[in-house]
Amino acid sequence: MSWLTYILPVLAAFFVISLALRWMPLFGRERLGPGPAPAAGAPRFGFAAENGRATRLDAALCLVITACYAVTAFAGLGDMDTPQSWCRFTGRGQYAVVDLGAEYEIGYIRYYTGLHTGSYELQFSADGEAWDEAGALEQEYNDLLKWQDYSPAAAGYGASARYIRLVASAELSLGEIAVYDADGEMLDSAGFSYDAGCAALFDEQDTVPVRPSYMNSSYFDEIYHARTALEHIENVKPYEITHPPLGKLIIGLGIRLFGMTPFGWRFMGALFGVLMLPILYFFLKRMTRSSAIAACGTVIFAFDFMHFVQTRIATIDTYSVFFILLMYLFMWRFVSGGRWRYLALSGLFFGLGAASKWTCIYAGAGLAVIWLAYWITQGKKPRFAARFLGNCAFCLVFFVAVPLAIYYASYYFYGTARGLDGGVGMYFTRDYFDIVWDNQVYMWEYHSDLVSTHPYSSRWYQWLADARPILYYLEYFPDGTTKSAFGAFMNPLFCWAGLLAILANAVLVFKDRDGKAAFIVIGYLAQLLPWVLVTRLTFAYHYFPSEVFLLLALCHVWERMREQALPRWRRNMYALTGASTALFVAFYPVLTGLRCALWYTRGLLRWFPSWPF
C-alpha cells in the first residue's frame, strides 16, 4: 500500500476541520453583521423567513449544473441491446433440441436468463438418439436478467456434441444462447437447426457480449426490482414483495421506453437523480436567498458519490429520496409562509414516497414534528383554535386519506396478476383488500424478523464517518493488474463536513432559536434515529436520504456566515465545492466500474482498511 493511502484521508480530515473552524464565530456572543440576534433577547422561536426568489441567473446556473450532471449520469449507464425475445418453457419436462450441424468440442455455453427460477438439464448427443448428461444451466433468483457462462468440461462432463438438448425443470424463459468451441470461438448459429419454438434462442446473436458485466446484466438488488418491474408489465405475480410497488412501477416506465435492457431498467433512476438537482437548487435558493450558495450546494450534492451511484442502479431508494426532497421542500414553504396549498403538496409527495418505500414514513414522522412545532409557535395569534383544528382536518385529508389512497391504488398489478378484472370496481373488492393487507403483514414480518449477513453491510454509526461502503460489483481481469469495481458511499469531504454542519445547526437551534436550523436537524434525525433501533441487516445506502439534510445544514452554515459578514465565507464554500468535485473525478473509476490499475485503487483510493477497493 502506498504512503498516499494513509496521508490522503489525514489531509482530507484536516481540510474539513480547518473549514469548520471558520464557522466558530457563529457561536460567539458578538454579532458581526445583520444576522439573527443571539439567544439573549432573541425573538421567540419560529420558522417564518424571507424566501429567496429565482432569477434568470438562477435558471442559467441550475440548467448548466443539471446538464453537466445529466451527461455524466447517463454516460455508461448500461447496454441497450440485450435480448428482447424469449423462448418460453411452460412447465417441467419441456425441452429444446438444437442441431449444431457438425460435431464440436464444446468449450462453454453463454446464456441470458429471463423470468422464473429453476434450471435446464443440459444433454449432449452425437446422433440425436443417445443422450449424455452434461450438467445444468442454472437460473436461480440471483441469476436472472444476466449473461451466464457454463463449461461442461469444467464441471466434469464430456464436451463433444452435435446435438444439444435443454430440459426445463419448471416454467422458465430464456433469452439467448451462444455456443463456443474449445478454442473459445463462438459458433455461427446460421448453421444450426431447431424447431420454430426455439427461434428466440438464436435470433439476437448480435447482443451476445464479449464478456458478461454490469453493463449487460443485472447486479445487486436489480435482480429483484428490475425483475419485478418486468413482472408487472407482463402481469405476472411478483417475486419481490418486500417493498411497496410504486418504485418498481416507475422503473417499469423506463423498460417500456427502452426495452428490458440495463439502460431501460436504470433509466428512470438516473432521470430522477437528474431531476433532484433543479428541485434542490430552488429549495436552497428559497432557504438561503443566495444564488452562490444554491449553486455550490447543488454541485456538491450532484457529484456526491452516493447520489451518483445509487441513482444509476435499478433499485427503489432513488424514488424515496426524490419524494423526501419534495415533501420537505413544500413543508418548508408552508412553515415559512403559512400557505396551506404547500402543505397539501407535501402530503401528496409523502404518499408517493410511502408507496415507494417504507423509509419515507420516517420522513413523515419528521414532517409531523415540524408541523407541530410550527403550530406551537402560532399559539398566541388570533383565532388560533379554529385555524389549528381546521388545519388538523386538512392534514387528515392530505397526510392520511390521500397517501392511503395512493398506497392502496399502487397495488393494481398485484390484483390483475391474481386474476382480478382490473376495473375501478376491483379496488372495492374483498379480494383486492386482502391482497394489500396480506402484503403489509408480510413486509412487516420480513423486515422485523430478517436474520442475514452480508460482507459489505454496515451499521448507522459507520455511516456517519463513511467507514464502510457497500461494494456492488467486482471483477478482476486476466492480466492480474487491472480490475473493475464500484460501490456506494459518500464523498468523504461532504460526509464529514455535513456531519459537522448538522452539529453546528443543532447549536444554532438552542443558541439563536434558529427555526431554519431546527427544520434541518429534525429532518436529519427523522431519517437517522430509526436506524439506530433497527437490528436487521443494513447498508451504507440507507444513509442516502440523510444526505439531503447534510447538504441543507452545510448551506445554512454558509448562509449564517454570509449574514454575519464572516471573513472569507465564500472562500470556505468554494474550497469545499471544488475539492468535492475534484474528489469525484479521482474516485470516478470506483463509482462507475471503469477498468483501472490495481495500484491506483489500492494505493490512492482505499483510504481505510474497511473500504473494499
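The condition of being in contact with a Gly (Cβ under 7 Å, 6 or more places away or on another chain), on the phi < 0 side of the Ramachandran plot and at pLDDT 95 or above holds for only one of GLY523, GLY515, that being GLY523. From the list ARG289, ARG266, ARG256, the lone residue that is basic (Lys, Arg), assigned by TED's automatic domain parsing to the domain that holds ALA355 and under 15 Å from the mean Cα position of the chain (by Cα) is ARG266.
Kindly indicate whether any position in the range 531-544 is in a helix (DSSP H, G or I) and either on the phi > 0 side of the Ramachandran plot or over 24 Å from the mean Cα position of the chain (by Cα) (or both). Checked the range 531-544: no residue is in a helix (DSSP H, G or I) and either on the phi > 0 side of the Ramachandran plot or over 24 Å from the mean Cα position of the chain (by Cα) (or both). Against the conditions (1) modelled with pLDDT of 95 or more; (2) closer than 30 Å to SER213 by Cβ; (3) crowded, with 19+ Cβ neighbours inside 10 Å, CYS555 satisfies every one except (2).
So for the range 319-335 (the condition being in the same structural domain as PHE394 (by TED's automatic domain parsing), of a type in the set (Val, Ile, Thr), closer than 17 Å to PHE539 by Cα and buried (at least 23 other Cβ atoms within 10 Å of the Cβ)), does at least one residue qualify? Yes, the range 319-335 has at least one match.
For the range 9-28, filtering for residues that are farther than 22 Å from VAL507 by Cα and of a type in the set (A, V, I, L, M) leaves 3.
Check the range 509-520 and report whether any residue there is in contact with a strand residue (DSSP E or B) (Cβ under 7 Å, 6 or more places away or on another chain), assigned to a helix (DSSP H, G or I) and among the small types (Gly, Ala, Ser). Within the range 509-520 (the criterion being in contact with a strand residue (DSSP E or B) (Cβ under 7 Å, 6 or more places away or on another chain), assigned to a helix (DSSP H, G or I) and among the small types (Gly, Ala, Ser)), the answer is yes, since at least one residue qualifies. Residues considered: THR298, THR315, THR288, THR359. Of these, the only one that is within 30 Å of ASP81 (Cβ to Cβ) and among the hydroxyl-bearing types (Ser, Thr, Tyr) is THR315. Condition first: more than 30 Å from the chain's Cα centre (by Cα) and not polar (S, T, N, Q). Now tell me which residues in the range 352-381 satisfy that. Those that are more than 30 Å from the chain's Cα centre (by Cα) and not polar (S, T, N, Q): LEU372, ALA373, TYR374, TRP375, ILE376, GLY379, LYS380, LYS381.
With TYR239, TYR224, TYR281 as the choices, which residue is assigned to a helix (DSSP H, G or I), among the aromatic types (Phe, Trp, Tyr) and either in contact with a Leu (Cβ under 6 Å, 6 or more places away or on another chain) or not assigned by TED's automatic domain parsing to the domain that holds GLU563 (or both)?
Numbers: TYR239 fails: assigned to a helix (DSSP H, G or I); TYR281 fails: either in contact with a Leu (Cβ under 6 Å, 6 or more places away or on another chain) or not assigned by TED's automatic domain parsing to the domain that holds GLU563 (or both).
Going through TYR239, TYR224, TYR281 in turn, just one is assigned to a helix (DSSP H, G or I), among the aromatic types (Phe, Trp, Tyr) and either in contact with a Leu (Cβ under 6 Å, 6 or more places away or on another chain) or not assigned by TED's automatic domain parsing to the domain that holds GLU563 (or both): TYR224.
LEU249 satisfies every condition listed in (1) part of a loop (DSSP other than H, G, I, E, B); (2) buried (at least 18 other Cβ atoms within 10 Å of the Cβ) except (1). Residues that are closer than 27 Å to GLU222 by Cα and of a type in the set (Gly, Ala, Ser) within the range 314-363 comprise ALA314, SER320, GLY351, GLY353, ALA354, ALA355, SER356, ALA363, listed in sequence order. For ARG88, the stated conditions hold: it is outside any loop (DSSP other than H, G, I, E, B) and under 39 Å from the mean Cα position of the chain (by Cα).
Considered as a group, the residues in the range 123-160 that are farther than 30 Å from ALA229 by Cβ and assigned to a strand (DSSP E or B) include one that is nearest to the chain's Cα centre (by Cα), and that residue is GLY135.
Here the range 382-428 is the region considered, the condition is being surrounded by 11 or more Cβ atoms within 10 Å (Cβ to Cβ) and among the basic types (Lys, Arg), and the residue that is nearest to the chain's Cα centre (by Cα) is ARG418. Residue-level analysis places GLY264 among those that are farther than 30 Å from TRP569 by Cα, in contact with a Leu (Cβ under 8 Å, 6 or more places away or on another chain), small (Gly, Ala, Ser) and part of a helix (DSSP H, G or I). Taken as a whole, the condition of being among the polar types (S, T, N, Q), at pLDDT below 95 and touching a helix residue (DSSP H, G or I) at 6+ places or on another chain (Cβ under 7 Å) applies to THR117.
Does THR242 meet the test of being under 26 Å from SER457 (Cβ atoms) and of a type in the set (S, T, N, Q)? Walk me through how you get there before you give the answer.
On the way: under 26 Å from SER457 (Cβ atoms): yes; of a type in the set (S, T, N, Q): yes.
In short, yes.
Can you tell me which of THR261, THR242 is among the hydroxyl-bearing types (Ser, Thr, Tyr), at pLDDT 95 or above and in contact with a helix residue (DSSP H, G or I) (Cβ under 9 Å, 6 or more places away or on another chain)?
It is THR261.
Of everything listed in (1) among the basic types (Lys, Arg); (2) under 21 Å from ALA401 (Cβ atoms); (3) in a helix (DSSP H, G or I), the single unmet condition for ARG333 is (2). When ALA526 is tested against (1) of a type in the set (A, V, I, L, M, F, W, C); (2) within 27 Å of the chain's Cα centre (by Cα); (3) assigned to a helix (DSSP H, G or I); (4) farther than 22 Å from ALA363 by Cβ, just one condition goes unmet, and that condition is (4). Of the residues making up the range 188-211, those that are exposed (fewer than 11 other Cβ atoms within 10 Å of the Cβ) and touching a residue at least 60 places away in the same chain (Cβ under 8 Å) are GLY191, ASP195, ASP206.
Once the range 66-88 is narrowed to residues that are in contact with an Asp or Glu (Cβ under 9 Å, 6 or more places away or on another chain) and among the hydroxyl-bearing types (Ser, Thr, Tyr), the residue that is surrounded by the fewest Cβ atoms within 10 Å (Cβ to Cβ) is SER85.
Out of the residues in the range 89-136 that are touching a Gly at 6+ places or on another chain (Cβ under 6 Å) and farther than 12 Å from PRO152 by Cβ, state the one that is surrounded by the fewest Cβ atoms within 10 Å (Cβ to Cβ). Step by step, filter the range 89-136, then rank; the result is GLY101. Would it be correct to say that ALA178 is of a type in the set (Gly, Ala, Ser), surrounded by 14 or more Cβ atoms within 10 Å (Cβ to Cβ) and part of a strand (DSSP E or B)? Considered against the rule, which asks whether it is of a type in the set (Gly, Ala, Ser), surrounded by 14 or more Cβ atoms within 10 Å (Cβ to Cβ) and part of a strand (DSSP E or B), ALA178 comes out as yes. If you go through the range 54-65 and pick out every residue that is surrounded by 18 or more Cβ atoms within 10 Å (Cβ to Cβ) and either within 25 Å of ARG266 (Cβ to Cβ) or outside the structural domain of LEU280 (by TED's automatic domain parsing) (or both), you end up with 2. On the stretch given as the range 154-183, residues that are under 14 Å from ALA136 (Cβ atoms) and touching an Asp or Glu at 6+ places or on another chain (Cβ under 6 Å) total 1.
The values are calculated or read from the model by the stated rules, or taken from the named source; none is laboratory data. This one's a predicted model, so the numbers in the text were calculated from it and none came from an experiment. Cβ sites come from the backbone with ideal geometry, for glycine too, and all protein chains shown count toward neighbours.
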